[in-house]
Structures are given as structure tokens and as C-alpha cells.
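Novice: Got a structure for you, written out below as C-alpha cells; questions coming shortly.
The values are calculated or read from the model by the stated rules, or taken from the named source; none is laboratory data. Fair warning: this is a prediction, and the values are worked out from it, not measured in the lab. Neighbour counts are summed over all protein chains in view; Cβ atoms, including those assigned to glycine, are modelled from backbone coordinates with ideal geometry. Just the protein is used for accessible areas: all its heavy atoms, side chains included, with ligands, DNA and RNA removed. Shrake-Rupley method; radii C 1.70, N 1.55, O 1.52, S 1.80 Å.
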Amino acid sequence: YMFTITRNGLDAISKDLGVISNNIANAGTNGFKRSRTEFVDFYSKALSDSPNNKVGLGSLFQGSQKIMQQGSPIMTDGALDLNISGRGFFILSPKVGADPRFTRDGSFSLDALGNLVTTDGFNVAGFRRDELDGLIKTSAEPINIPLSIENKEGRTVSLTGINIDAYGNIETTYGLNDIIKRGQIALAKFNNDTELKSVGANAFQASNKSGLQVLGSPLESNLGEIISGALESSNTNIANEMVSMMRTQQAFNGNARIMQASVDITRRLME
């Protein structure tokens, strides 16, 4: 049993090192949520009905869990750099046939067509306005901000300013003083944020355990407010992660030495 226990320990510790290394590597990633590993002890099948006959076989890696604690804001003064102070995720409109994605990374920009997009080219979703300037909140749609318009005087004026308030309302300025309201940033929340599925590029998708998305506006229905000109930093604490890595490396080295000793003993017995 010693060899099996040690082998299982090495496997579990290797996975733990991988998770810690990933946390450290993403310490500078906007909106990154660190993970922690979870282990369970497990036993061989009992040789009889008596529970006293069960033999421990070491540790088993059960999985990793995202820690959704909010990171500190980083002030950038960028008009399209958005930070959610509180609960919620930005909604990213998927490519055709894909499930929507969600992120805390609010580093957005406008593409050549005026679409509000992420660095990976995903459209940011929001609520559009109707003809009476009311918000249509039945569904979130890709946000588009025209780069130029024709004003009341019939002149073509270019986009000169964008302002997004705490409620996510988008106000655009064209030329010197032509101001137009465009829509509102939409947010989503889940019954269990920690069970969202990571899909890379600092984005998540809903899972059976997280529950379906619940659409809402900033500062409504327990959702956070939007801080313009700021980005959310990673919630990774480098000092804590380095301590965890050193402790895990020591455990790995200890298990490796035990395994080598077990191999040496077996070899001597066979000789």
C-alpha cells in the first residue's frame, strides 16, 4: 500500500502545483479569479463488512474551485475601461452557435464598425433604447456606438467622447456638443458563481451547478455599480501563493523520497 499511497500523493501534489503556478502566472491579468485545489482521502474496498478493515490509499485530487473574491480597482482613466464594484459579470455576445460568455475583465474598445468589443473580439452586450428613450430589458444585445453621425444642421460629425455612469448608461458626444444616449451596459448574475466553467481568455460560461444567467442593470437587483476609467485587478495574492508553492514543493519532495525508498526496499527484497 505504501507505493500506492505515495504515488497518489505525488499525483495530487502535482495538480496542486499546477493550480498554484497558474494563479501566480495570472497575477497581472485583469479580473482574474484564482483557484484553490480540493482533495479527499479515499480507501480500498473492505475485505469484510467490518469498517475497521478499510485501508487508506492516500489523497485524491477532487478538483479546483474558483475564488470569486473581488480584486482591487486599477485606475486607468480610459473611457471604455469598466470595473464592476460588487456582484455581476459583463455579458459577451457569442459567435454564432456558441453559448454566451461572462467576464469581470472590463477592458473594452470600439472596433472599426463601432461595436463595443473585448480584446478577443467578443461583442459586449447591453440594453438598447426604444424610440421613447426607454430601455428594452427583455434581452441583451451587442452594443454599437456609431463613429460618426449627421447632426441637426446636416453636417457629419465624429465621435469625440463617451461617458458611462454608475448605472451603465452610455452617453456619447459628437463634435462639440451633440449628445446622444446610446443604451446601457447589461450585467448577469448566477445562483452559484463559483461553479461557472472557465473557457479561457478570462471568460466563463454557465454550467448546471452555476445555474442560468439572470439579466439585470447595474445597481439593481443586488448587482454592482459600474466604475468607468478603472479595471479590476487579479485577486491573486503573490505572497500567499508563494508560501503555498513552497509548502507544496516540500510535500512533493518528501513523497518522492518515500517513493524512492519504497522502490529501493522492493529491489533489495527481489535480489
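Novice: Is it the case, given these coordinates, that Gly161 is surrounded by fewer than 20 Cβ atoms within 10 Å (Cβ to Cβ), more than 28 Å from the chain's Cα centre (by Cα), in contact (Cβ under 8 Å) with a residue 40 or more places away in the chain and over 29 Å from Gln213 (Cα atoms)? Even if it seems obvious, please write down each step before you answer.
Specialist: Values: surrounded by fewer than 20 Cβ atoms within 10 Å (Cβ to Cβ): yes; more than 28 Å from the chain's Cα centre (by Cα): yes; in contact (Cβ under 8 Å) with a residue 40 or more places away in the chain: yes; over 29 Å from Gln213 (Cα atoms): yes.
For Gly161, the condition - surrounded by fewer than 20 Cβ atoms within 10 Å (Cβ to Cβ), more than 28 Å from the chain's Cα centre (by Cα), in contact (Cβ under 8 Å) with a residue 40 or more places away in the chain and over 29 Å from Gln213 (Cα atoms) - is met.
Novice: Write out, first by first residue and then by second, each pair whose Cβ atoms fall under 8 Å of each other, whose residues are 6+ apart or on separate chains, and whose first residue, in the range 118-134, is under 14 Å from Ile185 (Cα atoms) while the second is surrounded by 11 or more Cβ atoms within 10 Å (Cβ to Cβ) and of a type in the set (Asp, Glu).
Specialist: Close Cβ pairs (under 8 Å, with a partner that is surrounded by 11 or more Cβ atoms within 10 Å (Cβ to Cβ) and of a type in the set (Asp, Glu)) amount to Thr118/Asp105; Ala125/Glu141; Gly126/Glu141; Phe127/Glu141; Arg128/Glu141.
Residue-by-condition table, conditions (1) at pLDDT 95 or above; (2) more than 17 Å from Leu196 (Cβ to Cβ); (3) out of contact with any strand residue (DSSP E or B) (no Cβ under 8 Å at 6 or more places or on another chain); (4) of a type in the set (Lys, Arg):
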residue	(1), (2), (3), (4)
Glu38	no, no, no, no
Ala46	no, yes, yes, no
Gly56	no, yes, no, no
Ser64	no, no, no, no
Asp77	no, yes, yes, no
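Novice: Let me ask you something else. Just the residues that are at pLDDT 90 or above, among the polar types (S, T, N, Q) and open to solvent by 60 Å² or more (accessible area, probe 1.4 Å), please, taken from the range 120-147.
Specialist: Residue satisfying the conditions is Asn144 alone.
Novice: Then there's this: Taking the range 96-111 only, how many residues are part of a loop (DSSP other than H, G, I, E, B), farther than 17 Å from Gly183 by Cβ and touching a residue at least 24 places away in the same chain (Cβ under 8 Å)? Spell out how you get there, then give the answer.
Specialist: In the first step, residues of the range 96-111 are kept if they are part of a loop (DSSP other than H, G, I, E, B); the result is 96-100, 104-106, 108, 111.
Filter again for farther than 17 Å from Gly183 by Cβ, leaving 96-100, 104-105.
Those still in the list that are touching a residue at least 24 places away in the same chain (Cβ under 8 Å) too: 99-100, 104-105.
Qualifying residue count, the range 96-111: 4.
Novice: Could I ask something else about it? For the range 182-199, state whether one or more residues are open to solvent by 40 Å² or more (accessible area, probe 1.4 Å), over 20 Å from Phe89 (Cα atoms) and modelled with pLDDT under 90.
Specialist: No; the residues of the range 182-199 include none that is open to solvent by 40 Å² or more (accessible area, probe 1.4 Å), over 20 Å from Phe89 (Cα atoms) and modelled with pLDDT under 90.
Novice: In addition: From the list Ile13, Ile91, Ile5, Ile20, which one is surrounded by 15 or more Cβ atoms within 10 Å (Cβ to Cβ) and either among the small types (Gly, Ala, Ser) or at pLDDT below 85 (or both)? Break it down stepwise before answering.
Specialist: Details: Ile13 fails: either among the small types (Gly, Ala, Ser) or at pLDDT below 85 (or both); Ile91 fails: either among the small types (Gly, Ala, Ser) or at pLDDT below 85 (or both); Ile20 fails: either among the small types (Gly, Ala, Ser) or at pLDDT below 85 (or both).
Step by step, each of Ile13, Ile91, Ile5, Ile20 is checked, and only Ile5 is surrounded by 15 or more Cβ atoms within 10 Å (Cβ to Cβ) and either among the small types (Gly, Ala, Ser) or at pLDDT below 85 (or both).
Novice: When you go through Leu212, Leu231, Leu219, Leu176 one by one, which is the residue that is assigned to a loop (DSSP other than H, G, I, E, B), among the hydrophobic types (A, V, I, L, M, F, W, C) and either open to solvent by less than 40 Å² (accessible area, probe 1.4 Å) or under 21 Å from Lys66 (Cα atoms) (or both)? Show your work before the answer.
Specialist: Values: Leu231 fails: assigned to a loop (DSSP other than H, G, I, E, B); Leu219 fails: either open to solvent by less than 40 Å² (accessible area, probe 1.4 Å) or under 21 Å from Lys66 (Cα atoms) (or both); Leu176 fails: either open to solvent by less than 40 Å² (accessible area, probe 1.4 Å) or under 21 Å from Lys66 (Cα atoms) (or both).
Checking each option against the conditions leaves just Leu212.
Novice: Mind counting the residues in the range 121-150 that are in contact with a strand residue (DSSP E or B) (Cβ under 8 Å, 6 or more places away or on another chain), in a loop (DSSP other than H, G, I, E, B) and either within 28 Å of Lys197 (Cβ to Cβ) or among the aromatic types (Phe, Trp, Tyr) (or both)?
Specialist: Pass one, the range 121-150, residues in contact with a strand residue (DSSP E or B) (Cβ under 8 Å, 6 or more places away or on another chain): 122-129, 133, 135-137, 139-150.
With in a loop (DSSP other than H, G, I, E, B) added as a condition, the list becomes 122, 133, 136-137, 139-140, 143, 145-147.
Still in the running and either within 28 Å of Lys197 (Cβ to Cβ) or among the aromatic types (Phe, Trp, Tyr) (or both): 122, 137, 139-140, 143.
Qualifying residue count for the region: 5.
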